[in-house]
Amino acid sequence: MLVVYLLLSIALIIGLINYLRLHPFLALFVVAIFFGFAAGMDYQLILQTINDGFGGTLGKIGLVIIFGVIIGAFLENTGGAYALAEAVIKLVGKKRVPTAMGILGYFVSIPVFADSGFILLSPLNKSLSKKAGISLAGSAIALAMGLTIAHNLVPPTPGPIAAAGILNADLGLVLALAIPISIVALIMALLFATKFAARTYIDPNPDVSQESIDLRMKTAPSAFKASLPIVVPIVLIMINSRLRIIPVEEIASWQSFLMFLGEPVIALVIGMLLAFTLPKKLNKELISTDGWVGKSLKDSANILLITGAGGVFGKMLQNSGIAGVMGDALSDLNLSFFLPFLIASAIKLAQGSSTVALITAASIVFPMMGSLGFATEMDKALLVISIGAGSMVVSHANDSFFWVVTQMSGMNIAKGYKLHSLGTLVIGLTSIISVLIISLFVN
């Protein structure tokens, strides 16, 4: 019966979010309590599970999410994203606009949410596409796919960080695997955009002139400076992960200090401090309650609440004993990493939000890890990426990002499904196939 209650709980989460428009935080929280009662858990155990699930999850990754959102706000508001765009275009060539926008979307989406990133870069994309004399369809889909890939696979984006925290995965190892897998997905996305999507003609019809973009660029930081808040934390986290394989008694003091700097919270604090150097002048208004920092803290509250509620749901599943039941039932099917991919895909397909899909799927899979044979640090890291791959499949009419892409690119719904939705299926399948191939060599 526990499996039936789980399926009913997932259906309730989707129904409450989709049809009653209930906030995902409340949906996850209420359904977690429902599952606890349905599973026959003791009242005191339910209360303890709520506290442990919410506090334990946010205790691990709450601050990382907050500092990541602050970095994104400074990169967005200072024009740093435009500076990165200009550097990428110089690198790949002005005629290769889809390639440039895909690469740019990939980097920008690490600190900036995909919806915000598309809105921010859409005027630039239209202007460049018009100047190059190409269809907006190819460059818009390349941008959307680049944003989607990093948003779902690459920390310190909040979704992958939350999933890694729930699954107790080594964030440095997740990064080390997510970067090459996401690059493979990006290559497939660019091929899809240039060989398929670009065949559909959409007039770029830029709504922001190149002159206004050039004016914004005059106050923007350099591309190198704008990249530091993103690149430095990633490098530090990966160094930390690498040093962890050294026996404790053999670690030198300077290595210990590097490990401290590479702890995700400290690495993101360093990234935030680097982001503070992006404005021409850092005045007190920018870091005040009403400034960029204050707005970032308000924006981060939403993802923090959803993540915490996901932790409660996951802990409730763990304490109910469902792990053994489902593990025994599914272990014989030998679905490996395709199982978490399917779970995340089903949740994404049903309710639209990739972040909710990442957090909910991670919460469902966590108590089953032992039964399914996911025991090593490598398994946990690949598990995070397989869930991230599933959370991309597929973006359609119940996803806000679908409407951002289609409405800002002049696509009707039919073109949106043909280009954007199909594109997310391509990158999701590419990512999970990459995970499955890697798992054959490391296990």
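The values are calculated or read from the model by the stated rules, or taken from the named source; none is laboratory data. Since the structure is predicted, the reported quantities are computational estimates derived from the model, not experimental observations. Every residue, glycine as well, gets a Cβ built from its backbone with ideal geometry; the counts of neighbours run over all protein chains shown. Heavy atoms of the whole protein, side chains included, go into the accessibility calculation; ligands, DNA and RNA do not. Shrake-Rupley method; radii C 1.70, N 1.55, O 1.52, S 1.80 Å.
Determine the per residue accessible area of region 225-372 with all protein chains present and a 1.4 angstrom probe, expressed in square angstrom.
It amounts to 44 Å² per residue over region 225-372.
Post the alpha-carbon centroid distance, region 424-438 to region 3-46, in whole angstrom.
30 Å
Pairing the Cα long axis of helix 292-320 with the longest principal axis of the chain, what angle in degrees results, from 0 to 90 and rounded to the nearest 10?
Long axis of 292-320 versus the principal axis of the chain: about 30 degrees.
Against the longest alpha carbon principal axis of the chain, how many degrees, from 0 to 90 and to the nearest 10, is the axis of helix 264-275 turned?
Its long axis makes an angle of about 20 degrees.
Could you give the angle, 0 to 90 degrees to the nearest 10, between helix 354-365's Cα long axis and the longest principal axis of the Cα atoms of the chain?
20 degrees
Would you kindly derive the ³J(HN,Hα) couplings of region 100-105 from the backbone phi angles with the Karplus curve 6.51 cos²θ - 1.76 cosθ + 1.60 (θ = phi - 60°), listing them in order in whole Hz, with x for Gly and Pro?
My calculation for region 100-105 gives 4, 6, x, 5, 5, x Hz in order.
Students often get this wrong, so check it: of Lys130/Lys218; Lys95/Lys295; Lys315/Lys348, which have C-alpha atoms separated by over 30 Å?
Exceeds cut-off: Lys95/Lys295.
Per residue Cα convex hull volume for region 245-316, in cubic angstrom?
Convex hull volume per residue, Cα atoms: 138 Å³.
With a 1.4 Å probe and all protein chains left in place, how much of the accessible area of the chain comes from carbon and sulfur atoms, in whole percent?
Result for the chain: 66 percent of the exposed heavy-atom area is carbon or sulfur.
Can you tell me which lysines have their Cα less than 17 Å from the Cα of Lys225? Leave out same-chain residues fewer than eight positions away.
The reachable lysines, counting only those whose Cα sits under 17 Å from Lys225, are Lys90, Lys280, Lys281.
Would you mind working out the accessible area per residue for region 66-224, using a 1.4 Å probe, and quoting it in Å²?
With the other protein chains kept in place, region 66-224 gives 34 Å² per residue.
From the C-alpha gyration tensor of the chain, pull out the three semi-axes of the equivalent ellipsoid (sqrt of 5λ each), sorted largest to smallest, in whole Å.
They are 35, 26, 21 Å, listed from largest to smallest.
Using +1 on the beta carbon of Lys and Arg, -1 on that of Asp and Glu, and nothing else charged, what's the dipole of the chain about the Cα centre, debye to 20?
Value, rounded to 20: 1520 debye.
Return the calculated 222 nm mean residue ellipticity for the chain, to the nearest 500 deg cm²/dmol, obtained by summing -39500 (n - 2.57) across DSSP H runs with n ≥ 4 and dividing by the residue count.
Details: 21 runs with 328 residues, N = 443.
The helix contribution divided over the chain gives -24500 deg cm²/dmol.
Compare Leu282, Leu191, Leu349 in a GNM of the chain, Cα atoms joined below 10 Å, and give the one with the largest fluctuation.
Highest fluctuation among the options: Leu282.
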